[in-house]
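Quick notes on the structure that follows.
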Amino acid sequence: MAGVQLISFLFSPFGRKVEIALRAKGIAYEVVVEKDLQHKSEMLVKVNPVYKKIPVLLHNGRSICESKLIVEYIDETWPSPHQLFLRDPYDRYLVRFWADFLDHKIRAIGVMCADHKSEAELEMTREEYREMWVTVESGLGELESRGLVHLKDGKRSEINYADV
């Protein structure tokens, strides 16, 4: 199990985050697709015995779990001309704050969608999802005003954790 492997699920936003970070750093990797999250593979349980969930990065036989921690590991393990996590402490905090907010909301809304008991509960979940994006748009506006997100007009060409 040499090199870099990513155990993920086809539609996982958390796995996608890790893939974006790997690509941004120019790291070659292999994706191992977890096919059924209800019946976890033996491999997933072995490499992530605590949480038993994806994504998991395998690097030279070692397991790195939890998407944010994986991206931090990638950034620290493969230095490049730019870092995914910003050097300025306050800018780094802002980016981490909004990423953490989004991670928690996406996970919570995903659980609510899966567990809804009625159409009314599903509509409440949809409304919470819409409200989440209004809040995120506000936060992204703050990040953009500070030049911390990947801008389309070419003002900043380096990708960072806010973009991931």
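The values are calculated or read from the model by the stated rules, or taken from the named source; none is laboratory data. The structure presented is a predicted model; accordingly, all values stated were derived computationally and were not measured. Note that each Cβ is placed from the backbone with ideal geometry, even for glycine, and that neighbours are counted across all protein chains shown.
Side notes on the structure shown:
- Checking K117 against (1) without any contact (Cβ under 8 Å) to a residue 40 or more places away in the chain; (2) outside any helix (DSSP H, G or I); (3) in the same structural domain as E19 (by TED's automatic domain parsing), the condition it does not meet: (3)
- Just one residue in the set Y73, Y90, Y29, Y51 is among the hydroxyl-bearing types (S, T, Y) and assigned by TED's automatic domain parsing to the domain that holds E142; that residue is Y90.
- Selection from region 50-70 of residues that are free of Cβ contacts under 8 Å to residues at least 40 places away in the same chain and among the hydroxyl-bearing types (S, T, Y): Y51, S63
- Whichever residue in region 81-98 is aliphatic (A, V, I, L, M) and within 20 Å of E19 (Cα to Cα) and, among such residues, is modelled with the lowest pLDDT: L86
- Sole exception among (1) part of a loop (DSSP other than H, G, I, E, B); (2) closer than 28 Å to F9 by Cα; (3) over 17 Å from the mean Cα position of the chain (by Cα); (4) free of Cβ contacts under 8 Å to residues at least 40 places away in the same chain for R87, by number: (2)
- Residue in region 134-148 that is in contact (Cβ under 8 Å) with a residue 60 or more places away in the chain and either outside the structural domain of E19 (by TED's automatic domain parsing) or surrounded by 13 or more Cβ atoms within 10 Å (Cβ to Cβ) (or both) present: yes
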